[in-house]
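Visitor: Structure below; questions to follow.
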Amino acid sequence: MGTLFELKQVTAGYDGNPVLENVDFRVEEFDFIGITGPNGGGKTTLLKVILGLLKPSGGTVAFSVPLRNLFGYLPQQNVFDKQFPLTVEDVALSGLLSEKGIWKRYTRDDRERAAALLEQYGLESYRRAPVGELSGGQAQRAFLCRALIASPRVLVLDEPTTYVDAGFEQEFYDLLKELNRRHTILLVSHDRDAVRSYCKTALRIDRSVQTVHT
Amino acid sequence: MAELLHYTFFQHALIATILVGIVCGVVGTYIVARRMVFISGGITHASFGGLGIAWYLGFPPLAGAALFSVASALGIHWLSRRQRIREDSLIGIFWSAGMAIGILFIYLTPGYAPDLITYLFGNVLTVTRPQIWVILGFAGVTLLFFALFSRPLFYMAFDREYARTHTFPASVPEIGVTLLIALTIVLSMKLAGIILIISYLTIPQAIASLFSKDFKRQLRIAPLVCVLVSVAGLFLSALLNIPSGAVIVACLLFVYIFLWLLRRLGFFV
């Protein structure tokens, strides 16, 4: 246990308009943090700053652990090119980009890791299928496999229940609880009740950190 | 038909067609997957500007085209990413400006004007032996590049934002492939010409996608199709005495429509 990283006075936004201002907050290992807040309140922006996709205009994110394979990211909704010539197995394998870099080959072991994950998430019969042929819920699970394959320390999930088939939200949160035993989880959600009942820490964001419950 | 093979110029044309077919098949697979067909068209036409300037200054025209091709590829990339200029507008600007500059300088050059039609529509029968060596070297580099980097390249192309969450030097393969695309276009110029290159980079890939939606397979099918059909087209053009570029494109189109129909009718999935 210990601190993984800390946001210090982070201000960030787009084209000079800050969406987040002076955010201070610390992420401890094996925490399960639920982030809620109004639309446009900066939830996704906060994730982007943490993931290094958006440079903060002020403040810093200070990491106490190595960045390599730190994050497994499940982006919001699955807007992707349905015609892209990629198999479901490739989607899972692409979670190994950090580990492989440019030079290392993808081995039989890697493919077995991908196959095991896909089987665990009920996608074994789609391994060789083009990703564009999956349903919304299946694609979401394929992207979860991609986020998990490198065994990252932190799982970052942006509105993951959007595409979960109705009635399975409960199961999905149980799954996250299980995953929380091995991964720190950062979850953005509009569902305040679910966050309150499942997360260890609830964070409300609206331009800045409004409330923190532990 | 066999006696054609006795002519050196035809041997050169055959070798160049095979090599360019392999390169265009491979590079085009990436271009089509990433939906970069339009940007490739822009680069192709922009390179004509370099060709004209080189002609005016007395340098080898293809060297000028190569320079402009690479510069416009990197220029469009940089201006759209860093300066936030809309990419498709940039492509249109580079496209038309390149053609205008090219024609301007060619007309400003005193003396006889080059055979513009050759550069616009291509003539593989004028390929020389040193050019074949260059194309051979380039084909080797291209195949090596894709053998080493195709997975990270396609994984990045699929979801760039996700790839950026990894500690991964994304710009290295991306710049590499941009250079390869630019040079592929220049080296195909002799064969296909500016106007017809795009078909080499799209039709074999469209054919490959009828058979597989997996980039690893497409990378094998597209070059094979490109080589087979363009060699057939080359012989046909020699027999009928019609310009090779146009015949090859017509053959590719015919094969595509034929296979597309067969697939629609359920002959294969």
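Visitor: Could you tell me the relative contact order of region A:80-152? Use alpha-carbon pairs under 8 Å, at least six residues apart, and round to a whole percent.
Guide: With pairs under 8 Å counted, the relative contact order is 53 percent.
Visitor: How fast does chain B diffuse by Stokes-Einstein, in µm²/s, taking the Kirkwood radius from C-alpha pairs at 37 °C and 0.692 mPa s?
Guide: Stokes-Einstein gives a translational diffusion coefficient of 172 µm²/s.
Visitor: To check you understand DSSP bridge types, tell me what percent of the beta bridges within the protein assembly as shown (both residues inside) are antiparallel, rounded to 5.
Guide: Expressed as a percentage, antiparallel bridges in the protein assembly as shown total about 55.
Visitor: Using the 10 angstrom Cβ neighbour count as an exposure proxy, how do B:Trp78, B:Trp55 rank, fewest first?
Guide: Fewest to most other Cβ atoms nearby, the residues stand as B:Trp78, B:Trp55.
Visitor: Return the subset of A:Lys55/B:Lys213; A:Lys82/A:Lys104; A:Lys48/A:Lys104 for which the Cα-Cα distance in this structure is over 32 Å, preserving the input order.
Guide: Violating the 32 Å Cα-Cα cut-off are A:Lys55/B:Lys213.
Visitor: Could I ask something else about it? So what's the back-of-envelope 222 nm ellipticity for the protein assembly as shown, counting only DSSP H runs of four-plus at -39500 (n - 2.57) apiece and dividing by all residues, rounded to 500?
Guide: Rounded to the nearest 500, the figure is -19500 deg cm²/dmol.
Visitor: Evaluate 2.2 N^0.38 Å with N set to the residue count of region B:1-59, then give the Cα radius of gyration divided by it.
Guide: That works out to 1.59 for region B:1-59.
Visitor: Counting Lys +1, Arg +1, Asp -1, Glu -1, what net charge surrounds A:Gln9 among other residues with beta carbon under 11 Å of its beta carbon?
Guide: Once positives and negatives cancel, what remains is -2.
Visitor: Listing B:Met1, B:Met189, B:Met156, B:Met99 from the residue with the fewest other Cβ atoms within 10 Å to the one with the most, what is the order? Each step should come with its number before you reach the end.
Guide: Working: B:Met1 8, B:Met189 26, B:Met156 22, B:Met99 18.
Taking fewest neighbouring Cβ atoms as first place, the list is B:Met1, B:Met99, B:Met156, B:Met189.
Visitor: Another question, then. How large is the convex hull of the C-alpha atoms of the protein assembly as shown per residue, in Å³?
Guide: About 165 Å³ per residue, rounded to a whole number.
Visitor: Just to confirm the filter: which trypsin sites (Lys or Arg not before Pro) across region B:45-89 are DSSP coil and have at most 16 other Cβ within 10 angstrom of their Cβ?
Guide: Values: sites: B:Arg81, B:Arg82, B:Arg84, B:Arg86; in loops: B:Arg82, B:Arg84, B:Arg86.
In loop regions of region B:45-89 (DSSP not H, G, I, E or B), the sparsely surrounded trypsin sites (Lys or Arg not before Pro) are B:Arg82, B:Arg84, B:Arg86.
Visitor: Give the average over all directions of the projected area of the C-alpha convex hull of region B:125-232, one decimal, in nm².
Guide: Details: hull surface 30.9 nm².
For region B:125-232, the mean projected area of the Cα convex hull comes to 7.7 nm².
Visitor: Taking only C-alpha pairs under 8 Å that are 6+ residues apart, what is the relative contact order of chain B in percent?
Guide: Rounded, it is 31 percent for chain B.
Visitor: Excluding same-chain residues fewer than 8 positions from A:Lys8, which aspartates and glutamates have a Cα within less than 20 Å of its Cα?
Guide: A:Glu21, A:Asp24, A:Glu28, A:Glu29, A:Asp31, A:Asp206
Visitor: Report the residue, chosen from A:Gly13, A:Gly122, A:Gly37, that carries the largest GNM mean-square fluctuation when chain A is represented by alpha-carbon nodes joined by springs under 10 Å.
Guide: Ranking A:Gly13, A:Gly122, A:Gly37 by mean-square fluctuation puts A:Gly122 first.
Visitor: Let me ask something else about it. Under a point-charge model restricted to the Cβ atoms of Lys and Arg (+1) and Asp and Glu (-1), what is the dipole moment magnitude of region A:80-152 relative to its Cα centre, in debye to the nearest 20?
Guide: Roughly 140 debye, rounded to the nearest 20.
None of the figures in this text is laboratory data; all of them are computed from the coordinates on show. What you are looking at is a predicted structure, and each value in this text was computed from that prediction instead of being measured. Quick reminder, even Gly has a Cβ in these numbers, built from the backbone with ideal geometry, and neighbours come from all protein chains shown.
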